[in-house]
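Structure first, then comments.
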Amino acid sequence: MDIDKVDFDSESAFYELITSHTLEELLSLENNLSSEIRTLDGNMQTLVYENYNKFISATDTIKSMKSNVEKMEDEMKRLEESMSKIQGLTEKVDGVLGLKQQEIKKLVGIHEELQKIKFICDLPALLRSAIENNSDKNKVVDFHQAAESYHDSQSFLQQHKTDTSYASIYQETMECTETIKKILWSKLQDSNLPAHLFTKYIKEMAWLGDESEKLPTLFFNYHKSHIISTLKKLYEKATLSAKSTPIMPMADSYSSIQSIDQDIRVNINETDREYSIKEGSFSWYILEVHEQGIPQFVNSLVSFNEIFSEKQKNLMINYVRDVLTIYINNIKNKLKEVNSELGPFTKALHIVNSDMKQIKALVASSSQFSVSDKFSELFEFTIRHEVEKVIENLQGNLVNFLENISRDIENSTEGLPESIEGPTDKAVYDIMYSVIASVIELEPLIESSKSYLTSGIMFVSLIVSHLIQFFQFFKQAVSSFSSRYAGNDPSLSSLYKINKSGTFLIALLKISISLEENGLPKLLSTISSSYSDLGISKPELNDIIQRVAKPELLITLKQTQEDLLTIYIEHYGKLFSDMLEEYANINWLIDTEPIDVHPIIVQIIENLKIAKKELKVFFRGEQALNQRFKRKRAKHNVELEMERLFARKAKTYENVKFELNSILSSIVKLTFKSMYEELRMKEFGTGGVQQIEVDSSFMGSCIDEIVAMDDNDILSGYVHEVNFTVSNRSTQPVSLQKTLLESIVENKKEQLNIKSKS
């Protein structure tokens with residue numbers, strides 16, 4: 001309802017209101033309307049009052065202007081009369097002086113020429129006086145006026161040196177300048193000469209006409225030695241190492257991966273971070289160089305440009321290159337020696353950038369040398385180093401997390417799956433917290449780097465490449481749990497002591513898959529959102545994420561999962577192999593009929609049941625897992641090694657599928673091959689042969705109940721192979737009565753609660 005419309009109908013509007021609203025609503029509308037009317041009335045009164053005041057003020061102004069205009073008319077008349085008088089006087093003066101003007105100009109020119117001649121004639125006396133006044137070798141000499149006078153007269157003397165009137169003056173002047181040069185040269189040989197005096201004497205030498213390369217060479221050598229000395233002193237003073245403090249998760253609390261970036265930002269806001277520059281630190285070194293070394297360098301460049309010509313440009317470029325090389329190398333080395341907190345480090349780069357701008361303004365770029373290129377190299381190195389340092393901290397955190405999860409699982413009083421699920425969830429959160437916190441913590445450095453890096457995307461590429469290295473380090477850390485691992489990485493030394501149980505390996509497998517499915521997408525989305533907000537090109541950012549980061553990280557995590565399954569199989573294969581080695585070393589040359597299954601064989605079956613329970617924890621709710629890994633898998637080195645070690649009549653280690661029974665089947669095959677290898681060189685009595693029959697039959701029967709083998713004939717084949725080999729190693733191979741054999745096996749299965757499929 002718009003009452004301002006031309007076609008507004010008040011009666012229709014009123015009728016619509018009373019028919020479409022309740023009494024309470026109408027009363028409320030009436031109150032609102034009354035309030036608006038009062039407000040409009042008040043506004044109207046205020047507007048009228050203000051306009052009335054303006055009207056009164058305008059009336060007063062008009063009266064005042066009228067009075068002033070009348071006064072101005074009188075003043076303008078007087079001014080016009082004065083101008084007329086001035087014009088008349090000017091015409092009279094021009095009439096009197098006009099005839100003499102040209103003559104006056106001529107006389108002024110003659111006077112100026114006479115002054116020049118007088119100046120030239122007085123020059124030898126001025127130079128001799130300067131020499132006499134500076135004859136004391138122990139005092140500071142001052143040939144500024146003498147050198148400047150010669151510099152101003154040099155072109156005239158050169159032009160008229162053969163004229164009779166000036167030949168003697170020229171000769172005497174040159175003799176004096178040579179004397180002054182010798183005095184100045186002797187002063188310049190003093191290595192302790194202050195910089196301002198050295199530059200003053202060099203300038204006076206240049207004014208006296210010294211055009212040899214000795215002078216700029218001496219100039220640069222002096223300043224270079226002094227600047228290097230300053231840089232060295234400051235370098236030696238900077239010895240305070242400040243280790244970066246990573247942003248760690250809040251104690252005893254973790255939420256979902258999806259909100260991890262919010263948790264981090266809250267933590268950053270609530271945590272006191274150190275941003276002050278501490279004496280002796282890397283940032284302190286940069287600041288001191290900025291305040292002491294750079295001014296020396298800049299002043300030398302300013303002086304050079306004032307004193308010398310473009311002919312000496314190459315010498316200047318060599319000087320700048322040498323000094324910047326030392327300056328940059330010192331920064332690189334100091335950064336390696338003395339770490340810095342990220343905040344002060346970012347400040348330090350801004351200081352370096354301001355130094356670059358000062359130097360760049362004084363040194364023109366050429367095809368041979370560019371100040372910008374030298375500093376770009378420095379910026380890229382320092383930023384790369386800082387990112388590497390952040391990733392190194394991540395690697396240290398990862399090792400701690402792996403130690404923690406091992407300890408938590410080992411100390412857990414809960415059974416499966418509870419003993420795994422809590423620690424793995426926390427480990428995944430902690431790992432991703434550290435990784436994403438590092439990405440977020442680098443935001444200020446990226447923001448500031450836009451002022452001194454040509455491309456912010458270079459920074460992102462660097463971060464992505466180091467994140468890939470971190471997850472490759474995770475893969476390497478996992479590989480260290482393999483018995484075949486031959487590395488000696490100091491950063492992984494503490495992991496070598498971890499108890500590598502099957503439960504622990506399954507926990508790592510769950511962590512790896514959770515990192516792939518939940519952690520990786522969150523990491524990539526955080527990089528995309530955080531860094532695009534900093535002004536980095538979204539197309540370039542998405543290209544790096546989709547083309548480089550995502551595929552590389554996925555490959556690394558999938559390879560980690562494959563390695564873990566192989567290590568898991570290897571773990572149980574090695575465990576059972578060691579047990580069977582002990583089993584094989586008993587005395588088999590016995591004739592006593594067996595009455596029970598050997599305890600070691602029982603222990604193997606018990607451990608196989610544990611393995612199945614562990615794998616069930618992993619595959620629980622993971623029905624689609626097999627589809628995720630539905631691909632041909634190249635044989636891992638461990639498989640080839642096992643085949644070379646155990647292969648005799650049949651291959652027992654086929655390609656492993658990412659499926660519970662396939663993994664258990666691989667462990668079973670390795671177990672029987674180990675049993676075969678351990679027993680095939682032993683000698684057996686009748687009782688020994690029968691004991692092996694009992695043990696192998698028991699193993700085969702239990703495995704048939706525990707593991708769904710793809711082909712049961714393979715299992716019976718292994719049992720037969722072991723028994724056949726043992727009987728061939730006996731002088732009196734007599735098989736145990738079948739009913740007795742079955743009775744022993746079934747009784748033992750019942751004791752172990754291993755139920756028959758039937």
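Quick note: the coordinates plus some simple rules give every number you see, no bench work behind them. This one's a predicted model, so the numbers in the text were calculated from it and none came from an experiment. Glycine also receives a Cβ, built like all others from the backbone with ideal geometry; neighbour counts cover every protein chain displayed.
For F684, the residues whose amide H sits under 5 Å from its own are S730, T731, ignoring neighbours fewer than 5 places away on the same chain, with H placed 1.01 Å from N. Considering helices alone, the calculated mean residue ellipticity of the chain at 222 nm is -25000 deg cm²/dmol, with DSSP H runs of length four and up weighted by -39500 (n - 2.57) and normalised per residue. Our summary gives the chain a relative contact order of 9 percent, counting only alpha carbon pairs under 8 angstrom and 6 or more residues apart. When each of H290, H196 is scored by the number of other beta-carbon atoms lying within 10 Å, the sequence from fewest to most is H196, H290. Over segment 266-366, the alpha carbon radius of gyration divided by the compact-protein estimate 2.2 N^0.38 Å works out to 1.34. Straight-line cross-link partners of K63 among the lysines, defined as a Cα under 25 Å from its Cα and at least 8 positions apart when in the same chain: K54, K71, K77. For segment 105-210, the Kirkwood hydrodynamic radius comes to 14.7 Å, computed from all pairs of different C-alpha atoms. Annotation: lysines with alpha-carbon distance below 19 angstrom to K161 (same-chain offsets under eight excluded): K116, K118. Under the simplified labelling scheme, the H720-Q603 pair shows an inter-label distance of 3.2 nm, with each label point 7 Å from Cα along Cα→Cβ. Footprinting exposure proxy ranking of L508, L398, L89, fewest other C-beta atoms within 10 angstrom first, gives L89, L398, L508. Legend: ranking of residues I104, I667 from fewest to most surrounding C-beta atoms inside 10 Å; resulting order I104, I667. Membrane-span-like helices of the chain, defined as complete DSSP H segments with a Cα extent of 27 Å or more along the helix axis and a mean Kyte hydropathy of at least 1.0, are identified as 456-479. Extents of segment 10-91, largest first, come to 96, 21, 18 Å (Cα atoms, principal axes, whole angstrom).
Our estimate of slack between E683 and K313, defined as 0.36 nm per intervening residue step minus the Cα-Cα distance, is 123.9 nm.
Here, P(r) means the percent of Cα pairs in each 20 Å bin from 0 to the largest distance; for the chain it is 11, 23, 18, 21, 14, 8, 3, 1. Computed from label points 7 Å out along Cα-Cβ, the spacing between E540 and I586 is 7.2 nm. Computed over segment 528-585, the range of Cα coordinates on each principal axis works out to 71, 17, 9 Å, biggest value leading. Report the FRET efficiency, 1/(1 + (r/R0)^6), for S256 and A708, where r is their Cβ-Cβ distance and R0 is 41 Å, rounded to 0.05. The value I calculate is 0.70.
Counting 0.36 nm for each residue step from E447 to S12 and taking away their Cα separation leaves a gain of 150.4 nm. Counting charges near M316 (Lys, Arg +1; Asp, Glu -1) among other residues having Cβ under 14 Å from its Cβ returns a value of +1. If the chain linking Q472 and D322 were pulled fully straight, counting 0.36 nm for each residue of separation and taking away their Cα-Cα distance, it would gain 50.0 nm. Cα centroids of segment 499-521 and segment 263-334: 47 Å apart.
For the listed residue pairs K181/K332; K475/K613; K500/K550; K214/K347; K139/K237, the alpha carbons are over 32 angstrom apart in K181/K332; K214/K347; K139/K237.
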